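For reference, the structure is listed below as C-alpha cells.
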Amino acid sequence: MSTIRILSDRVANQIAAGEVIERPAAVIKELVENSLDAGATRIEVEFRHGGRSYMRVEDNGKGMSKDDALLSLERHATSKIIETVDLDRLSSFGFRGEALPSIASVARFEMQTRPAAATTGTEVAINGGKLLHVRDCGLAPGTRITVTHLFNAVPARRKFLKSDATESAHIIQAVRLYALACPQTAFTLIEDGRVLFQSPVCLTLTERVAEIFGRQLAGDLLGVEAVEDGMKLTGLIGRPGVSRSSRHEMITFVNRRPVDSRTLNYALIESYATSLAKGRYPVAVLFLDLDPASVDVNVHPAKREVRFRSEGQIRGFVIRAVLQKLREMGHAVPVAPVIAVVPPVAAVVTGLHQTARPEVALHLKTADAPVISSSPGQFSVPPFSVFRAPPAVIKPATVPPFVAPRNSGLAGWRFLGTAHGDYALFESPAGVVVVDRRAAHERVWFERLQAQFARDELASQRLLFAIPVELDAIGSALLLDRLDWLAKHGLEVGEFGRNFFRIEAVPVWLEPEVAEDFLRDVLGLIREGRLDEKNPRLAEEELARLAAQKAVRLPETTNETDALALVARLFVCTQPHTSPAGRPTHFELNRGELAKRFQR
Ligand code: ADP
Ligand code: MG
C-alpha cells in the first residue's frame, strides 16, 4: 500500500495557516484587509486577551451571498485575481484566497454576511475546519467575522504566542497602519471592552494622524508630495528637530500596503542625517505609489516585506523629495547635497559625512574631503587590560560622593585633557588610557540607578509648572496602566482629560527640559513590551538603561577633578568595561606598546 497520500483539505489548511496566521494580529490584518477590499467605509475591530480568546471584525462593505460565503471558505477561493498576470496589476490587499479557510481551520470561526441587495444574511460557523452550521440570519448589510479559541486545536502554535500585552500591541499596531492607509474609512478599535481609538471618516491624512497619534504629533509633521518617472511619494514627515528613539514611527506604505522596507527606511534616515542626533530616528508616514509591476509583494505570505525591481532609483527619489521639503522649511542642510544614485543601492551624498550615523555612513562617500583614517586597528588595542578588579578599599555597595575617592587605584594618574570632546585622555603608571566619557558616564549612571531602584529610593522633584503631554489613544491606554509603576520610580504623571497628561514630578536625575522626551521614550519601551510588569527587575533595568543613555546629561566639557571622579566611579562599577549598551568604556596603550610604535 502506498504511504503517500493527498492531504485532506483540513490538514492542508492547517499547514497553510501556519504561514499566514502566525499570531492574533495576523488574523486581524487579514480580516481588516478583506473589509477594505469589500469597500467598507466603517470597520470595527474588537479583541480580548491579546486576541487569543476573542476577535471580531465587522464592516459595512459589500457583503456576500450565501453561495459566495461558502465559496470564500474554500482554499484558493478569491474574487480578486483570475490569472497570474493579474498579480502585476494588483490593486486589492488580498489575492491568495487563503486567509479565511486558514483562519477557520485553526479556530472557531463564525461569519455573518449580507449584501445590500439581499433581505437576509447568511451565517456560517466552523470549528477547526469542520463545518458546524449554515443558516440565515438578520444583519445590516456588511460582514461580521468572529474568531474565538485561536489555535486551541493546534497547541504547538498556541505555545508560541507571547504575553497578552505583546499580542495586543501587535494588533493595535496592525489596525493603526490600516487606519493610516485608509483615512476615508472610519475605524474603531476596542480591547477588553475599552475603546482604544475611534476615528471618524477623515478627509486628510493629517486629520487621521491627529485622531490616532494626537494633535501634537500632527502639528509636528509636514506634508510632502513628489512625482517622478511614474512614481509618486505623498505623506507626512517630521519637522527638523522632531525625532524618536526607535524606528517605530517611520511608517511606510507601498501602493497603500503597509510595508517594512529597508530601502525606504534608509532613504529617510539619510535624508535627516544632518539634523538627527545619534540614536534618534525620523518620524514619517509615507506613501509610495508606483507601477505594481515594479514591486513584488508576494515575497512572504504574512510578512510585510516588499522587493523593488530598482532599489537605487526609489532610494534616490525618496531622498530628493524629503530633502527638498526640509530645505523649503529653511532647515540648515549645510552643503546642498548632490545625490547621485549609484547602482544598486549606494547613494553618494556630499557634505553629509560629519554627522551621519555609522549605519548611514556605510552608504555615504565624501567626494571632496579625504577621510582621515583614525582606525583603531592601527594600534594594538589590549582589551581593557588596565582596569583589573577594583581595589578592595572601595565597596561597590556604598555610593561614594561624586569626587575622586582617595586610594581609588588612580594613584599616579594624570588627566591630560580631552580629545574631540568625548574622549578623556590620562597618563597612568602603566601607559596612556583613553576613556569614552559618554560610555563611562552611562555605565556609572546605569549602575547607580539600578542600586537606587533596588533600595526603593525615590528621590523626585515636584515641578513648579507641570509639563503637558498629549498622547495618541493607544499611548494613553498603555501609559494609564503604568502610572503607578512610573510614580514608584519618581516620574509622576497625572491624567487630565482624554489623551492628555501632565508630568508633575520628575526623578532628581531627570532634567525637566527633557522630561517629555523621556516619557515618550519610556512609552516606546512599553509599546515594545520591554517594561513588563511580570518581570520588574528587567523592567527596572530597561528604565535605568534608558535614563543613563538619554536622561542624565553628560557635561559638555570636563576638568581634571570631574574626569578623575568619573573614572573612579567607573572603577567601582560591577561591569566597568562596557556601557549598558555594550560599547567599550576605555582602552589602554601600555608603555611597551608605545615604545614599540616608536621603535625604541
Ligand atoms: P483573498 O482576500 O485573498 O481573496 P480571503 O480568504 O481573505 O482571500 O477571502 C476570500 C474571498 O472572500 C475574498 O476574495 C472576497 O471575495 C470574500 N470576502 C472575504 N471577506 C469579505 C468581506 N469582509 N466582505 C465581502 N467579501 C469578503
Ligand atoms: Mg483576504
**OP:** Return the sequence-ordered ³J(HN,Hα) values of region 413-422 in whole Hz as given by the Karplus equation 6.51 cos²θ - 1.76 cosθ + 1.60 applied to θ = phi - 60°, using x for Gly and Pro.
**Re:** 8, 9, 7, 9, x, 10, 10, 6, x, 8
**OP:** Using a Förster distance of 22 angstrom, determine the FRET efficiency expected from the C-beta separation of GLU207 and VAL227, and round it to 0.05.
**Re:** 0.40
Subject >> Efficiency of FRET between ASP484 and THR578 - r from beta-carbon atoms, R0 41 angstrom, step 0.05 >> reply: 0.80
**OP:** Calculate the spin-label point distance for LEU70 paired with ARG498, positioning each point 7 Å from the Cα along the beta-carbon direction, and give it in nanometres.
**Re:** 4.5 nm
**OP:** Return the sequence-ordered ³J(HN,Hα) values of region 234-250 in whole Hz as given by the Karplus equation 6.51 cos²θ - 1.76 cosθ + 1.60 applied to θ = phi - 60°, using x for Gly and Pro.
**Re:** 9, x, 10, 10, x, 4, x, x, 8, 8, 9, 8, 9, 7, 5, 9, 9
Original post:
What ³J(HN,Hα) values, in whole Hz, does the Karplus curve 6.51 cos²θ - 1.76 cosθ + 1.60 give for region 66-75 when θ = phi - 60°, with x put for Gly and Pro?
Top reply: 4, 4, 5, 4, 5, 5, 4, 8, 7, 4
Original post:
If each of ALA140 and ASP456 carries a label point 7 Å out from its Cα toward its Cβ, how far apart are those two points in nm?
Top reply: 5.2 nm
Original post:
What ranking, highest mean first, results for peptides 551-564, 476-489 when packing means the other Cβ atoms within 10 Å averaged over each residue?
Top reply: 476-489, 551-564
**OP:** Could you list which residues have their amide H under 5 Å from that of LEU463, counting only those 5 or more apart in sequence or on another chain, with H placed in the peptide plane?
**Re:** ALA505, VAL506
Original post:
Out of residues 5 or more away from ARG42 or on other chains, whose amide H comes under 5 Å of its own, with H placed 1.01 Å from N in the peptide plane?
Top reply: ASN60, ALA186
**OP:** Run the numbers on region 92-190 and let me know its relative contact order in percent, using alpha-carbon pairs under 8 Å that are six or more apart.
**Re:** 22 percent
**OP:** Please give the length that would be gained between LYS162 and GLU556 if that part of the chain were fully extended, namely 0.36 nm times their separation in residues minus their C-alpha to C-alpha distance (nm, one decimal).
**Re:** 137.6 nm
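What is the local net charge at ALA218, summed over the other residues whose Cβ is closer than 13 Å to its Cβ (Lys, Arg +1; Asp, Glu -1)? Mind dumping the intermediate values first?
Details: positive: ARG208, ARG215, ARG239; negative: GLU207, GLU211, ASP220, GLU249, GLU470, ASP472.
Summing Lys and Arg as +1 and Asp and Glu as -1 gives -3.
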Original post:
Name the trypsin sites (Lys or Arg not before Pro) in region 185-285 that are in a loop by DSSP and that have at most 13 other C-beta atoms within 10 Å, would you?
Top reply: LYS278
Original post:
Over region 152-296, what relative contact order in percent results from Cα pairs under 8 Å that are six or more residues apart?
Top reply: 19 percent
**OP:** Among ASP472, ASP229, ASP296, rank each residue by its count of other Cβ atoms within 10 Å, from fewest to most, as a rough exposure measure.
**Re:** ASP229, ASP296, ASP472
Subject >> Cut-off 15 Å, label 7 Å out along Cα→Cβ of ARG537, residues of region 449-490 by amide N >> reply: 450-451, 453-455
Subject >> Cα gyration tensor shape of region 406-513, rounded if a/c is under 1.5, else prolate or oblate by comparing a/b with b/c >> reply: prolate
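No lab work stands behind these numbers, since they all come straight from the coordinates. Small disclaimer: the values here were computed from a predicted structure and weren't measured. Here Cβ is always computed from backbone atoms with ideal geometry, including for glycine, and neighbour counts include all displayed protein chains.
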